[in-house]
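*Asks:* First the structure, then my questions, so here it is.
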Amino acid sequence: VEAVRDDGGLYVARTDSVITWRRAEERKRSRVAAALGGSFGNSGQFLMGGQLGFPFPGSPRWGIVPEAQVGVGGGGTSALVQVGTRYYVDVGRSQLYGGAALGLIVFDDKVGNRSGSSVVVSPVLGWEVPSSGRAGWLGSGYQGWFVEYQGVDFFDIQRLLIGVNWGL
């Protein structure tokens, strides 16, 4: 691959730099995360959950994210288990991402106007910020933090999560 630099010189990309970039992107997707948040809209609940992240085979910008969340409040308890895909875009040092998840949500009692269980599709939007390089009390695998919006069951339940990532 050849390109002309701003100064008029010729830039020739090295394949080893592309391989290094790809491996670095895949390492960002291999993670475990803990999150806290809340739901609003149909029901108000306090949320606790966790996520795993895996690079999508063949594409370092895509990730596969299984997750589980438990919600309390609003007159009952809910549990959400879902698996989604996400596409990441660099914005400076941070990354924005968007995607969708397919899952199952279960309510133990009536929460808002929902009860029982149902299969849900959830659009996801988020912002991920890497660590400054200092792990501190979060440990050596600390990668950064994220803020994520989930429109569970096509926006019937709005969820906002704040979490911390560690590399696998």
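*Asks:* Kirkwood hydrodynamic radius for the stretch 36-168: how many Å is it when counted over pairs of different Cα atoms?
*Replies:* Across the stretch 36-168, the inverse of the average 1/r is 15.4 Å.
*Asks:* Which one, GLN82, LEU168, SER94, projects farthest toward the positive side of the charge dipole computed for the stretch 55-168 from Cβ point charges (K/R +1, D/E -1)?
*Replies:* Positive-end residue among those listed: SER94.
*Asks:* Find the relative contact order for the stretch 49-122 and round it to a whole percent, using C-alpha pairs within less than 8 Å whose residues are 6+ positions apart.
*Replies:* With pairs under 8 Å counted, the relative contact order is 23 percent.
*Asks:* Roll a 1.4 angstrom probe over the protein heavy atoms and tell me the percent of accessible area of the stretch 41-168 that is carbon or sulfur. Mind dumping the intermediate values first?
*Replies:* Numbers: 4170 of 6130 Å².
On the stretch 41-168, the fraction of accessible area on carbon and sulfur atoms equals 68 percent.
The values are calculated or read from the model by the stated rules, or taken from the named source; none is laboratory data. These numbers come from a predicted model, not from an experiment. We place every Cβ from the backbone using ideal geometry, glycine too, and count neighbours over all the protein chains shown. In case anyone asks, the SASA skips ligands and DNA or RNA and just uses the protein heavy atoms, side chains included. Shrake-Rupley method; radii C 1.70, N 1.55, O 1.52, S 1.80 Å.
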